[in-house]
Every structure is written in structure tokens, then in C-alpha cells.
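Working notes, structure below.
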Amino acid sequence: MGRFIIRRFLQAIPVLFFSTFLVFMVIHLIPGDAAAVLAGPNATPEALAAIRKDMGLDQPLLVQYVVWVTHLLQGDLGKSTLSGQPIVKLLQARAPATIELTLAAMSISMIIALPLGILSATHVRGRLEWFISTIQSLWLAIPNFWAGILAIILFSLILRWLPPGGRVADANNMGDSIKSLILPATTLALYLAAALSRFIKFNLLEVLFDDYVRTARAKGVNDTTVVYRHALRNALLPVITILGVQFASLLGGTVIIESVFSWPGVGGLMIDGISNRDYAVVQGGLLLLVMLFIVINLLVDLTYAVIDPRIRLSD
Amino acid sequence: MRANRAVRGTQQRPGRPGNGRRQPSGTSGASGTLASTSATVQPAAAQPKTGGSLRFAQTANPVSIDGNSIAGGGNETAWLVFDRLTQYDQNRQPQPMLAESWDIASDFKQFKLNLRKGVQFHSGRELTSDDVKYTVLRLRESTVGSGILAGFSNWFTAIDLPDKSTVVLRTDSPRPTFFDAIELFNIVDKDNVEGPEAKSKIIGTGPFTFVEWQNGDHFTIAKNKNYWQSGRPYLDEIVSYVRNQQTMDLQLESNGMDVVKIPGVDDFVRLKSDPDYQATIHPASGTFFEIGFNTARPPFDDPRVRQAFNYAMDRKRFCDTIMRNTAVPLNLPWSATSPAYDAAKNSVYTYDLDRARALLKEAGAGTIETGILVNGIGAPQVLQFAQIFQDSLAQIGVKLNLQNVEPAIWVDTLINKKPDYTGLWGGSDQIAQLAPSTLFQLSPGWRLDNNHSAYKNEMWTTLVNSALSESDPTKQKDLYTRLNDFILDQSFTVPIATYPYTFLMRANVMGVQYQLHNGGVSFTDTWLA
């Protein structure tokens, strides 16, 4: 397994370089640059050119990329083109918020999706399944940002139970920290739960009609044991893959929720970076996300082996 | 230095250190304290309380906290860490800050500033004249991103330091608007801005000390216990958040914020009559929306076409519907507090499509299809105006295409006059609260060199230069009249309406003061009831 993990990491290196190279080139193709943002609308062409030179933006693109990679190989992610802050520091400030939100949303979505998926599968064509399907469709149909706004109005403005936005990151004030997480995480989780519960339902349905389940029933095993001990474990294998993909995509894809709830995550940092043409921020953020993606995929593969003993990770 | 008869000023706030006062003998030394002359947002209550934390939110996300960077936040954040040499009161009269008095030569070419003694940076180092000189020169460095401030700094051809408390600034041309410049110069600490923490920590002499900056989320400052103005500030702490408009408005309503800057128009109007909140519009922010034409290209090289477009602007509809009557239509850049304001001239261009049609016909313009370059992120209201404008122009046979671009593209395209800039541009401007000539000298929409409208005219240059150097109020007034007529006739850059800098505050927030720079407010005298 050790060799497997090392091999996977080695395979990730070209992926990292290719993705950063691609984004580097694409973002530089967009008109406008960080110099214009820093200079502001009052700048003269001379001042703009001077800032551009100072930032190194007058160099050929390939040279700029090589400079960035050279620094990277020395363990230096660089500094924000605009604010001058170290990228590592910016990511350190934002990554915990994103990871916290993602983990919370994934956990909530699993807590909701698992029983809903099982109940739907075990009550096929019943009233309960119809009710759950309706809820699922609603959650899938309602856009995240709108659900978020409605949640803020209800729980913050009317009931005043939860804060409408912002993140409280205070170890000495866990109550407020959790409160600040509930609305954004739940809003994000509902959509995930709807998709996930449908996936669980269909997988479970498929497994419930497999021969070994029929055999178990024929042997007189009761329904609960059949579902939870025999069928569910097999039905969850593909779910783990989906969870891994969802988790990875959430790391960079919570921008809308971050915006609605003023959650200071990596997504917002990246969007600001793109908008301000802060190439160093975008590159650094992307690098982090790709690395996390690779680690999560690896974890998914390892989890497979744990859940299903038939799967052996080949060296 | 010639003895100054025209302009000499000195003032003290009560209880400030070094209160050996000289009486003001000139026109610029208005009486009273800053606290009483700067307009407060709300009536002062009986007894200010000390302590407490103020939660402030705005949508603007400063990309830098450098005190000399034009992108470095605003009044309510990084600026509170710094002091300026002087500060205008509500009547545009300079009041002492780090400079406690001044002597100005009658030809307005030499300015002697006497610095307040005993002022310390937050690091504990004493402020000296060296720091002032360092700041003025630093503003010229293009890499600092000081924007219009570099233009001000370049006025000064010599900076002499007779002693550690005196600065003498000299200019080649008369600069009667000297105080416009130093109003915006945050005096920075050389050790800080050249040190390793320059980008993540700021040190000034201001009422609040830097605590933390989490880019894109919040900026925290704490009371400067050694502030030179005794007893100030009242607040222990200010946390300034970056929030989207809707979230910050909701946070205010759910008691998660105390003050929000530029809330949603609908929320502002809705909460205006609610006694739990104070809703105010900055009376002299000097900010306005404007549209310009690429006058270097046909058909906008013909003033009649520009006038026609000016007549086709339905400013009232914009102010009524989009701005919900928080904005006022403008033909000229000036709000009522400006010395160049002229109510009659401000309504020359009323919405008149027949007249617009006739002017286009007279100019032989033919079929026009053009574009308007708008920065929808920086000035979303202008994008909304452009949609109204598009509809109006369609009625006179003109097709207007909206080009909504990001700030980086907008700036680059206009400053470098990129090929795809062929028609109009729309944006906001911000320094009409200062001397009118300052706007014409520095604003990108109006300045003489490389303005966004690519407008050049000998008469314009002569008028602006005359206004810049004229110090006689009567002659100034005459020049402003001529400039106003010229602007209306040439219509190369056209104001649309005031850009109201609105504030929503909870009812217990007291002592918030308007400032004449950047349409902001100051929290130096703010306290929580």
C-alpha cells in the first residue's frame, strides 16, 4: 500500500504542473491586469506602465511562469501581486474556513441523505417515497443562493436564532463558532443531501434485487438485517466515490454560499484573485485545491479497500 | 518667507497637547474645534461614553492597506490608523491635525507648516518633519499606487526642513488649493513601510492602532491610548468587515452590525423612517456618476452629437427608479456645497428626445451604433443607467451596446485607449467636494492630459490652468461660470447624478462625523450610547 500511495503522489506532480500552467496561461489571456487594479482609474499610462514593470508583468508569459515555478520548487508560493501578502498566509487564513464548511456540509448531508435514501428504497412506490421524492426535487430545484437568503430571513431576521453571515473562528467561543456555521453548512448540505439520497436510493434498490439478498431473505433473515448488514454496505461503495468527488468540488465550489453568508473561504479568495488579476493568488489557490483533490481521491481509493475486502490496491 | 497676510491658520482642539495657540489671522483659520465644525451625522448627545467595539461593514474590499495607496481602503478602515497634516471642516476650511499652524506666502508658492510637537507613531517613535517629507516624496513613487495623490505631490518642487517640527513646501506655480492636496496625505512611518511587515501591518499616528487584517473578511483596529488628541477616541475597538450588500444590511437588522456604508438602496429607503436606525447621506461626498465620449473618434468628435446624447439622458428616471430619490440629477459635477455650483446651469439638459433628434440631424450623424464601456462591479448603478439610456437612445434611432467589463479591463481600456473603446464610457467620480480646479486637474474624466474622453481643447486648458492658480474669490467665481458654460457646451464628460454615499447606523451610534475626503466618515469621536 505504501508504494501505491507514493506512486499516486508521483503521478500527481505532472497533474499539478499541467493544471497550474493551463490556468496561468488562460488567466493571462483575459484583458486587464493587476497593475490596472492597483493603479486605479486615476492613473496615467506612465504610472500604469511603471507598476506593470515593477510587478514583472512586462515579462513574456513563459518567463513569468518559469519564475513562479522556480520559486515554488524552493517552497515559496510567492506574494499577492496586489496586497503583497504571502500567499501561504492568505491560504492559511482562508483554507480552514473552506475545509470547515465543506466538512460540516458533507457531514450534515450524509446525516440527512442516508436515512432518506434507505427509506425511499425500502418504501418504493409508497407514500413515504413520494413524500421524500418531493422534498428531494424541491431541494434540487431551489438555487443555493435563494435558499440561503430565505434561511437568513427566517433564522436570523425573524427568529434571531442564528447570525446571518460571517465566520466566528474562536476556540474560546465554540457556541458562536458553531452557530455561525449552521446556516451556510446546512444550506449547502441540503442540495448535496438531495442528490446523495437519490443516489443511495437507486444503488440500494439495485442491490436489494441481487441474488445474494434474495438468498438471505429465503434463509429467513429479517428485513432490517438484510438492508443494513447485507445490502447497504455494497450499495455504499459507489456512494463513497460520489462523496469524494463532491467533497473535492466543494473545496473550490462554495463561492455562492461564501458570498451569501460572507464566509471567508478559498473560493472567494480565488474569485477576488481572478477579478483583480492577482495571478499569484489564483495560482496558489489552485495549487492547494489540486493537491487536496489528489489527497481526497487517494483517500477514497483507500476507503474502498477498507470497506470491501475483495478490493486490493495493486502495487 | 514673506510674511503671510492672506492665509495663516492655527487651531487647537480642546485638551490637545501643545496648546500654545496663536490666533488665526487669515481666511483659512476658521474658528471652533474640529469636532464642532465637522458636521456630525447625528445630533450630539449629552455625555460621550468610552469603551465598546464598533462593528462596521462595507462592500469595498481594500486590496492594500498601504496608507499612501489609493486602493488602500477608506476612511473607515486603514485611514483611521493615520493622520493627515490638516483636515477640512464642513465649510472646506482647513483645520489643524499634525500641522498645528501654517504660514502661506501671498503668491501661494510657499507653504510653511508647523508640526504639532510630541506626536508619536504607534511604534513609539516621535513624528518629525522628516516623516512629512518622506511621505510627500513617497507618493510620487508609481509603484505605491497613489493614483491622484502623485499629481498633488508633484506640485512641490522643493521640500525644506528647517528643524524637526517645521516643513516648508515650495511650488513653481501658485497653488491656492494647497489644502486639497494635504487633506489626502496620510503621514506614514518610514520604518514601517520599508520594513518586512509593510504589507501586513501599518503604523501611523492616528486615533486607532492596527490589530489585524484578514484580507477579504475583516480589518481590526484598537484605540490608540497615546493619541495626541486627549480623550479620543472613545471606542476601544473597530472591526471593519467586508460583506456583500445584502448580508451587511441583514446583519445590521439582526444586530450583527452597528454601521454599514452604502447599503442597498431599498434597505436604505425602508429603514430611513425606522427609529431604530439612523439613515444618512453624506452631504459633501463629491461623488457622482458620469458618462463620457471618445471625442477622438467620430461621431463624438462633433459637440452637437454629444449634446444630443446629453439631452437623451433621462436623469430623473434614473434618480426616481434606480436610486429611489437618494440621488440628485446633475448636469455639472458640483453639489450644492461647491463654490462652482450653479442651480440654473445644473438643469440645462432636461430630458428632451426631440431636441436630441434635431441635434443629430443638424450634425448629419446618420445611423449611429456604438458601445458604452461600463464597470458593472465598481459602479453597478451606471450599468443600470446605461440600460435606461439605451432605451432612450433607441427611440431616436441610436443603438447603444452595453460593454460590461471588470474593473481591471475598464481601467486598462480607458487609460490606454484600447481599440475596442470606440464610443462611450460610464463610471463614477469622487473629488468634486474639493476645489473645482482640483477635479479638472486630477480626475480621469476631466483632467487635461489623457482624460478618459480623449478630450483636448486649448480653451479648456487655459480655463483650467487659470482656475488652478487664481486665488481671488471674485475672479474664481467668474472662472467657474466660464468653466461651467464650457462643460455644458462641449459635453465631453457628462455628469448624470450624485453618487450618494449612504450610511445606515443603529440608533445608539453617536458622534460619527462626515469627512471631506473620499465621501467617508470618521469614528474618532464616535461612541456607543
Using the C-alpha atoms of the stretch A:1-143, what convex hull volume per residue, in cubic angstrom, is computed?
210 Å³
Taking every residue of A:85-98, the Cβ atoms of other protein chains inside 10 Å of its Cβ average out to 2
Just grab the label-to-label distance for residue B:173 and residue A:221, each label 7 Å out from Cα along the Cβ direction, in nm (one decimal).
9.1 nm
Dipole-positive endmost among B:363, B:390, B:353 within the stretch B:348-421 (Cβ charges, Cα centre):
B:363
Kirkwood Rh, Cα Rg: Rg to Rh for the stretch A:185-267?
1.19
Considering the zone a paramagnetic label at residue A:76 would reach in this model (a point 7 Å from Cα along the Cα-to-Cβ line), which residues of the stretch A:261-303 have amide N under 15 Å from it?
A:280
Which of rounded, prolate or oblate describes the stretch B:417-529 when judged by the alpha-carbon gyration tensor and an a/c cut-off of 1.5?
oblate
Under a point-charge model restricted to the Cβ atoms of Lys and Arg (+1) and Asp and Glu (-1), what is the dipole moment magnitude of the stretch B:390-444 relative to its Cα centre, in debye to the nearest 20?
160 debye
Percent of C-alpha pairs per 10 Å bin, the stretch A:149-224, short to long:
16, 27, 19, 15, 17, 7
Extending each Cα 7 Å along its Cβ direction at residue B:212 and residue A:1, get the distance between those two points in nm, one decimal.
3.9 nm
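Once R0 is set to 25 Å, what does the formula 1/(1 + (r/R0)^6) return for the Cβ-Cβ distance between residue A:173 and residue A:92, expressed as a FRET efficiency to the nearest 0.05?
For residue A:173 and residue A:92, the calculated efficiency is 0.75.
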Which residues make up the longest stretch of chain B that has no GluC sites (Glu not before Pro) in a DSSP loop with at most 14 other Cβ atoms within 10 Å?
B:198-529
Can you give the three extents of the C-alpha atoms in the stretch B:74-139 along their principal axes, from longest to shortest, in whole Å?
38, 28, 24
DSSP beta bridge pairing in the protein assembly as shown, given as percent antiparallel to the nearest 5:
75 percent
Efficiency by 1/(1 + (r/R0)^6): what FRET value for residue A:241 and residue A:13, r their Cβ-Cβ distance, R0 = 41 Å, to the nearest 0.05?
0.95
Where the centre of each part is set by its Cα atoms, how far does the stretch B:259-294 sit from the stretch A:25-68, in angstrom?
34 Å
With just the Cα atoms defining each centre, how far is the stretch B:355-372 from the stretch A:165-203? Give it in Å.
57 Å
Which whole number of Å³ per residue matches the convex hull of the alpha-carbon atoms in the protein assembly as shown?
192 Å³
Spatially proximal aspartates and glutamates relative to residue A:179 (Cα-Cα < 16 Å; intrachain offsets below 8 disregarded)
A:100, A:170, A:258
Quick check: convex hull of the Cα atoms in the stretch B:40-164, volume per residue, rounded to a whole Å³?
175 Å³
Rounded to the nearest 0.05, what FRET efficiency do residue B:201 and residue A:209 give with R0 = 60 Å and r taken as the Cβ-Cβ distance? Could you check?
0.40
For residue B:272, give me every one of the aspartates and glutamates with a C-alpha distance below 14 angstrom, ignoring sequence neighbours fewer than eight places off in its own chain.
B:249, B:253
Do you know the relative contact order of the stretch B:284-391, to the nearest whole percent, from alpha carbon pairs under 8 angstrom that are 6+ apart?
33 percent
Could you tell me the center-to-center distance, by alpha carbons, between the stretch A:86-130 and the stretch B:81-130 in angstrom?
58 Å
Of the chymotrypsin sites (Phe, Trp or Tyr not before Pro) in the stretch A:126-188, which ones lie in a loop per DSSP and count no more than 15 other C-beta atoms within 10 Å?
A:161
Mean other chain Cβ within 10 Å across B:158-169 is 0
Options B:300, B:248, B:186, ranked by Cα towards positive dipole end of chain B, top entry (Cβ charges)
B:186
Anyone know which of A:169, A:151, A:195 comes out most mobile in the 10 Å Cα GNM of chain A?
A:169
Once you order the gyration tensor axes a ≥ b ≥ c over the Cα atoms, which shape class does the stretch B:122-271 get: rounded for a/c under 1.5, otherwise prolate or oblate by comparing a/b with b/c?
prolate
Mark the label point 7 Å from the Cα of residue B:269 along Cα→Cβ and return the residues of the stretch B:304-332 whose backbone N is within less than 19 Å of it.
B:314-330
Within chain B: Cβ-based charge dipole about Cα centre, in debye rounded to nearest 20 (Lys, Arg +1; Asp, Glu -1):
1080 debye
Could you work out, residue by residue across B:240-248, how many beta carbons of other chains sit within 10 Å of that residue's beta carbon, and then give the average as an integer?
5
For chain A, built as a Gaussian network whose Cα springs stay under 10 Å, the top-fluctuating residue of A:232, A:289, A:61:
A:61
Cross-link reach list, lysines versus residue B:417, counting only Cα pairs under 24 Å and skipping chain neighbours closer than eight places
A:53, B:399, B:456
Below 8 Å between Cα atoms, with a sequence gap of 6+, how large is the relative contact order for chain B in percent?
20 percent
Report, in listed order, any pair from B:199/B:418; A:79/B:418; B:112/B:164 with a Cα-Cα distance greater than 20 Å.
B:199/B:418; A:79/B:418
Rg/Rg_ref, chain B, where Rg_ref = 2.2 N^0.38 Å and atoms are Cα:
0.97
Provide A:26, A:226 ordered by accessible surface of protein heavy atoms (probe 1.4 Å), highest first.
A:26, A:226
Run the dipole for the protein assembly as shown about the Cα centre, Lys and Arg Cβ at +1, Asp and Glu Cβ at -1, nothing else charged, and hand back the magnitude in debye, nearest 20.
960 debye
Note down the relative contact order for chain A as a percent, whole number, built from C-alpha pairs under 8 angstrom at least six residues apart.
27 percent
Applying a 10 Å radius around every beta-carbon, put B:434-443, B:322-331 in order of their mean neighbour count, most first.
B:434-443, B:322-331
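The values are calculated or read from the model by the stated rules, or taken from the named source; none is laboratory data. Quick caveat: nothing in here was measured; it's all calculated off a predicted structure. Here the Cβ is made from the backbone with ideal geometry for all residues, glycine too, and neighbour counts use every protein chain on show. Surface accessibility is based on the protein's heavy atoms, side chains included, excluding ligands, DNA and RNA. Shrake-Rupley method; radii C 1.70, N 1.55, O 1.52, S 1.80 Å.
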